[in-house]
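Engineer: Here it is, the structure, as structure tokens.
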2 protein chains.
Amino acid sequence: MSHHHKKDLSCFFEPQAIAIIGSFREGFFGGHVIIKSLMGAGYKGRIYPVNPAYRKARGLKVYASIKDVPEHVDFAMILINARSVAKVVEECAEKGVRAIVVVSDGFAERDREGARLQDELVKIARARGVRIIGPNTAGVVNTSNGFNPCPYEAGYYKLREGPVAICAQTGMINPQAFPYPVLGFGVSKICDFGNKCDLNECDMLEYLENDPHTHVISMYLESIHDGQSFLKISKRVTPQKPFLVVKSGATKEGAMATFSHTGAMAIDDKVFQAVCNQAGILRLDNFEELFKMPKIFASQSLPSGNQVGIMSFTGGIAALAIDEAARHRLRLAEFTLETAGMLEDIFPGLGRMPVDMGPMMAALKDAFDQYPRILEIVLGDPNIHALFSVLWASPKREILGRYIEAYELVKERFDKPVATWIYGPDPQLIAELRSQIEEMGFPVFEEPETCIKAIGLAVKYARIREKR
Amino acid sequence: MSHHHKKDLSCFFEPQAIAIIGSFREGFFGGHVIIKSLMGAGYKGRIYPVNPAYRKARGLKVYASIKDVPEHVDFAMILINARSVAKVVEECAEKGVRAIVVVSDGFAERDREGARLQDELVKIARARGVRIIGPNTAGVVNTSNGFNPCPYEAGYYKLREGPVAICAQTGMINPQAFPYPVLGFGVSKICDFGNKCDLNECDMLEYLENDPHTHVISMYLESIHDGQSFLKISKRVTPQKPFLVVKSGATKEGAMATFSHTGAMAIDDKVFQAVCNQAGILRLDNFEELFKMPKIFASQSLPSGNQVGIMSFTGGIAALAIDEAARHRLRLAEFTLETAGMLEDIFPGLGRMPVDMGPMMAALKDAFDQYPRILEIVLGDPNIHALFSVLWASPKREILGRYIEAYELVKERFDKPVATWIYGPDPQLIAELRSQIEEMGFPVFEEPETCIKAIGLAVKYARIREKR
């Protein structure tokens, strides 16, 4: 028997010795890039390139066959022609490899012949106790050990460690496709399921459930392999970790496209929605939210109720935010008389929700000096469970300093989620302020509506957790 | 009688001599900033600062009263305490000023006393034939003559000229609040209506209808002053110029907030939707779309039908795009046999829609050299009325060059709208490629769904235009 349990996916994320089987020519794709990425990310395991046509690849000896590798290999990544994959999987199994990522395409997503080749892989894998991710995948990343075998050139290799696992049936989540350096939160694991011939979302969910590095799970799905298992496992996971899902195939046309992309049958969208409701899954609306929405859970505490405060420099955005809040069943918080009084003492009209600092800003030369105190008073109100904070990134840098000061104070004193939107005339200043605020653990979103929606998700998740 | 017709708003956008009445202390708000902005934007008219407490402001003589200004003044901008505004409006009228922007707040949006002060303004304006924008506004911009009297520091002053007018009941559209330098298209006029005590969306629509610099109108509304007029004028405008509207107050809660922001009563959302349908207004869903969606109309021709092609490097995004296309009543285009044959000759599997260049990219070292030819073949297919183009901003710069080459070719040869989404590992590279593509007149959007939605709007507008 294998020395790993069939359910244990640790070989995919913590291998000690790996084989890369494919081409090693220079370019933006292939084994050459994988070695570069692993070395750049600081992976400490042994790397064995395999290809009979090469002798060296990025300074490493290349072996003609996996059989020639002089030690035990845990994990293999295969990037050869679809027709040759089965034979190599067989050889890997022979060698004792227990986890294989098949990057190659041309399987069930291509045509009938590809589907047949894929079935063959599955048979071998089942017979030999080997687990496969893919085929047609960009693979996995584990940030905690520098295991980033990205087969496409990303230009950066080390990813920031953090609590969020991102999984998808597409390589659009792998480092070459998304700018992780500016994500604003850290990532634990990345996994592109590809065609899901063997390992699927249920396996991954169970692995992440027990992964101490993962506290939030964000997943893009085109299909569900086994609805009953998915429901059962999700129910178990959601009281422990927020589980966010984007699903394509919501329309008939999308479902057809999904079929031709990974060969998977999409499930009926209404059924999927029912599964989400029953299992406490937070369903997202579009692809970008896969990266945006985990932010509200990455380092913020959960709100203790649905009353949201709004602080802005403009009534216009506040009105839009209130519309959005109503859509997400949030209530606009009302100040206690005490809070209102304190704010009115600072500037007339300030004690009303939504707090509009615009008039004060225009009237008082030192309006921004008061900002930290105002924020403190607002968040100190027991009626406020979460805050939507709008910041104007003024070209006057001293104002930005006031914001930072205020947020530092909030970080020390309060345990309420704050979602921030920054607007202003200079994208560079916005980016700087955003990065400083996110460093402190406060999520910044790119649209006002997204802030409200994120708070809505946090409130929803807090309720899900309470119920279970 | 005044030398301008009451309906003529040209004094607001093309004044020859202006007065600025308010404080001139240094800071991020006030008359001081207005002068700086006008000079920075290259405004050629005369500027008369007015304030009894100053002698000089940014090198200009300051007059104690508007009465002391030695020549005729077309336009005045007022930034003084709400209680003193009426008197100054009276003096302006006396002086022959016909267009006044009241920046000051503390009117109907504040309280009853403010509402009374606002009524007083309106009475004076009506009696004296003076038009007022505001109060509680950040004012106007005209890019064609450098008339940018922005009262808040933006850090930049000259805006790129272009076909899109942006209007709102909030200063969130004025230069200090939005990074116009990276907008990706040029702007003709900006107007913040503020409380709309006199000039409203109908006046502005009529002005923009006849403004030769404006070809697209994008407007954020919290309320409609006169539904019947709005419907009538919109019906006249929409066959000439696309008219895009974001409206808040869609929920009961939002409507209440709107009331306290500008003192305006919001109209029922269902009624507003009916007005949009009848008048051919393109309704948008959120605030960001006010800036994003005009892009598809700014320099692209209208699609001749609803069949959309998709070209990407990943099936995952294509599946999501097809979902979104179905929501916007777009059809996924099918290639003619001829096109399919030509594409299959380049790489097997390439002749199917959605076009997925992923497998080709992984298989061929020179895959990107073929990109211009593939794009040309795809757009040459008569079944394709518009294209959703997904580009991978690879860290290999030569690939970006291929994209540019391809888009140049498309610009010369085709008259079909192309909406582009760029993804990749490096935000800087994405921004560079985006800016190069937008320079050529092709809109780039920040989310795949937005590309499809923009194409959907273009198809919808093409139909609106056909019908009238």
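Engineer: Leaving out same-chain residues fewer than 8 places away, which aspartates and glutamates sit with a Cα under 17 Å from that of A:LYS411?
Structural biologist: A:GLU376, A:ASP381, A:GLU438, A:GLU439
Engineer: How many angstrom lie between the Cα centre of the stretch A:99-114 and the Cα centre of the stretch A:402-468?
Structural biologist: 41 Å
Engineer: Taking the Cα centre of each part, how many Å lie between the stretch B:162-216 and the stretch A:284-305?
Structural biologist: 34 Å
Engineer: Something else now. May I ask you to evaluate 6.51 cos²θ - 1.76 cosθ + 1.60, the Karplus curve with θ = phi - 60°, for each residue of the stretch A:439-447 and list the ³J(HN,Hα) values in order in whole Hz, giving x for glycine and proline?
Structural biologist: 4, 6, x, 9, x, 10, 10, 8, 9
Engineer: With a/c under 1.5 counting as rounded, go ahead and sort the stretch A:98-251 into rounded, prolate or oblate using the C-alpha gyration tensor (a ≥ b ≥ c being the square roots of the eigenvalues; past the cut-off, prolate if a/b is larger than b/c, else oblate).
Structural biologist: Oblate, since a/c reaches 1.5 and b/c is not below a/b.
Engineer: Return the percentage of antiparallel bridges among DSSP beta bridges fully within the stretch B:118-214, rounded to the nearest 5 %.
Structural biologist: Around 45 percent of the beta bridges assigned by DSSP in the stretch B:118-214 are antiparallel ones.
Engineer: To continue, here is another question. Can you give the helix-only mean residue ellipticity at 222 nm for chain B, where every DSSP H stretch with n ≥ 4 adds -39500 (n - 2.57) and the sum goes over all residues, rounded to the nearest 500 deg cm²/dmol?
Structural biologist: -12000 deg cm²/dmol
Engineer: Taking A:LYS365 as the anchor, which lysines have their alpha carbon closer than 17 Å to its alpha carbon, excluding any fewer than eight residues away along the same chain?
Structural biologist: A:LYS396
Engineer: Let me ask another. Over 18 Å between C-alpha atoms is what I'm after, so list which of B:LYS235/B:LYS460; B:LYS36/B:LYS158; B:LYS36/B:LYS67; B:LYS232/B:LYS295 land there.
Structural biologist: Numbers: B:LYS235/B:LYS460 15 Å; B:LYS36/B:LYS158 11 Å; B:LYS36/B:LYS67 24 Å; B:LYS232/B:LYS295 26 Å.
Exceeds cut-off: B:LYS36/B:LYS67; B:LYS232/B:LYS295.
Engineer: Normalised radius of gyration for the stretch A:10-295, please: alpha carbon Rg relative to 2.2 N^0.38 Å, two decimal places.
Structural biologist: 0.96
Engineer: If we hang a label 7 Å off Cα along the beta carbon direction at A:SER65, how far is it from the matching labels on the other copies, in nm, shortest first?
Structural biologist: Spelled out, the distances from A:SER65's label point are 10.4 nm.
Engineer: What is the residue of chain A with the smallest Cβ distance to the axis taking A onto B, and what is that distance in whole Å?
Structural biologist: Spelled out as residue then distance in Å, it is A:GLU446, 4.
Engineer: Shortest first, in nm, what separates the label point of B:ARG236 from those of the same position in the other copies (7 Å along Cα→Cβ)?
Structural biologist: When each copy's label point is compared with this one, the spacings are 6.9 nm.
Engineer: Give the aspartates and glutamates whose C-alpha is closer than 17 Å to that of A:LYS95, dropping any in the same chain fewer than 8 places away, or say none.
Structural biologist: A:ASP68, A:GLU71, A:ASP74
Engineer: Using the charge dipole of the stretch A:299-467 (Lys, Arg: +1 at Cβ; Asp, Glu: -1 at Cβ; taken about the Cα centre), state which of A:ALA362, A:PRO427, A:VAL459 has its Cα farthest towards the positive end.
Structural biologist: With unit charges placed on the Cβ atoms, the residue in question is A:VAL459.
Engineer: Same structure, new question: Count the DSSP beta bridges whose two residues both fall in chain A, then state the antiparallel fraction as a percent rounded to the nearest 5.
Structural biologist: Counting only bridges with both partners in chain A, antiparallel ones make up about 10 percent.
Engineer: Please report how far the C-alpha centroid of the stretch A:34-63 lies from that of the stretch B:342-396, rounded to the nearest whole angstrom.
Structural biologist: Using only Cα atoms to place each centre, the spacing works out to 31 Å.
Engineer: Could I ask something else about it? Any idea what the A:GLU161 label distances to the other copies are, label 7 Å down the Cα→Cβ vector, nm, shortest first?
Structural biologist: 5.7
Engineer: Here's a follow-up. Looking only at the protein assembly as shown, where both bridge partners belong to it, what percent of the DSSP beta bridges are antiparallel (to the nearest 5)?
Structural biologist: The antiparallel fraction comes to roughly 10 percent.
Engineer: Please state the shape class of the protein assembly as shown: rounded when a/c is under 1.5, otherwise prolate if a/b exceeds b/c and oblate if not, all from the C-alpha gyration tensor.
Structural biologist: Cα axes put the protein assembly as shown in the prolate bin.
Since every read-out is calculated from the coordinates, none of them should be taken as a lab result. Model, not experiment: these values are computed from the prediction. Counting neighbours? That spans all protein chains shown, and the Cβs are built from the backbone with ideal geometry, glycine included.
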